[in-house]
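Step one of this worksheet: look at the structure below.
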Amino acid sequence: MTGSSDRRVRGGRVRTSREEKRGRERRDRTRRTDEPARDASAGEVSAGSLPTPDPGPFVETPAVTAVRDRIDRWLSVDRPVHLVGPTGCGKTALALSVAQERDRPVAFVNGDADLGTSDLVGDHSGTERHSVRDKYVHNVQKSTDIVRQRWVDNPLTVAVREGATLVYNEFSRTKPIANNVLLSVFEEGVLELPGKTGSDRYVDVHPEFRAILTSNSTEYAGVHEPQDALLDRLVGIHLDFYDAETERRIVAAHVDDVDAETIAAVVDTVRRLREEVSVPVGTRAAIMATEGFTAGTDRSASTLAAVCVDVLASKVPTSDGLESLRTDVERVVSNVEVPT
């Protein structure tokens, strides 16, 4: 099988090899860094102008470092990485942290069922007019008006063109047909822009482009199963919730002025609830429960139970389910030593 780095032809169109592109990029790097960002009004957007979510403080523990090293290994050989795991286990924060550490621009996409190919690559948006006025003789003037459709790049195109790291969050919530555009990016090293024609229809993938995709496990509602052809080109890293010490450090990093004993009690409660209740209980729930529990002066066991119910109640669709949840939470909290 021919590797993606050796492939030279897409259909009948001869393309530059990745090695040639790397040489071209090295030659042009100084010139590019001296140029201003592309003018968004002209239909092009620079990677530096794309908004990227702030994941907040990021905690490094041996467990986190081990996963980060696995991701870095695959990115170093130009393989897209697919992080799969339960909601709230820290996939997005990890993906953004790894992307930012690469010292390249970061482009972020959040997947959902309404996302289409144009939301990834770009589309025509209105028109732009160019007027030319030429005076041939003293009292004769020639006027030319050119009206053309205005194209606006979206995050995937910007990332491919400028060598950014694409973080495609909730990748599996997007319908598979919209993600077909990624196949040629990962395999042939070219992005096709539907809606454009001629040479403008194709964008060579920058040699520094990398992609990190995140997905919830398939048992979660609203998750689509990606096509096999695309999964075959991704390196899959399955995540689970971190160990207790890592979760405690994550909570401590996100909630100010909380003593270690209180954090340990809340994290212990959340970890037990994860095993006892039928709704997802992520590390984010531990952060929220700690915030709520320490917001007032009453830090009794009954307060902790009430706070945990509030944090998880939005995931329960019925009143009967809420009462069942409350019973489970109170039972779990009764077995936790809550500092007062």
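The values are calculated or read from the model by the stated rules, or taken from the named source; none is laboratory data. What you are looking at is a predicted structure, and each value in this text was computed from that prediction instead of being measured. Surface areas here come from the heavy atoms of the whole protein model, side chains and all, with no ligands, DNA or RNA. Shrake-Rupley method; radii C 1.70, N 1.55, O 1.52, S 1.80 Å.
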Quiz item: Which ³J(HN,Hα) values, rounded to whole Hz and listed in residue order, are derived for the stretch 305-315 from phi using the Karplus coefficients 6.51, -1.76 and 1.60 in 6.51 cos²θ - 1.76 cosθ + 1.60 with θ = phi - 60°, glycine and proline given as x?
Solution: 4, 5, 5, 5, 4, 4, 5, 9, 5, 5, 8
Quiz item: Once amide H atoms are built 1.01 Å from N in the peptide plane, which residues 5 or more positions from residue 122, or in another chain, come under 5 Å H to H?
Solution: 154
Quiz item: Counting only residues 5 or more places away or on other chains, whose amide H sits under 5 Å from the amide H of residue 106 once H atoms are built in the peptide plane?
Solution: 165
Quiz prompt | Ranked order, 196, 315, 91 - accessible area, probe 1.4 Å, largest first | solution = 315, 196, 91
Quiz item: Counting only protein heavy atoms and using a 1.4 Å probe, what share of the accessible area of the stretch 244-334 belongs to carbon plus sulfur, as a whole percent?
Solution: 47
Exercise. List the residues whose amide H sits under 5 Å from the amide H of residue 213, counting only those 5 or more places along or on another chain, with H placed 1.01 Å from N in the peptide plane.
Key: 81, 82, 83, 168
Exercise. Could you order 242, 168, 202 so the one with the most accessible surface comes first? Probe is 1.4 Å.
Key: 202, 242, 168
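Where does each of 337, 188 land when they are ordered by accessible area, with a 1.4 Å probe and the largest first?
So, going from the largest accessible area down, we get 337, 188.
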Practice problem: Starting at the first residue of the stretch 264-277, write each ³J(HN,Hα) from the Karplus equation 6.51 cos²θ - 1.76 cosθ + 1.60 with θ = phi - 60°, in whole Hz, x for Gly and Pro. | Solution: 4, 5, 5, 5, 4, 4, 5, 5, 6, 4, 4, 8, 9, 9
Quiz prompt | In sequence order, calculated HN-Hα J values of the stretch 225-235 (Karplus, 6.51, -1.76, 1.60; Hz; x Gly/Pro) | solution = 7, x, 5, 4, 4, 7, 4, 5, 9, 10, 8
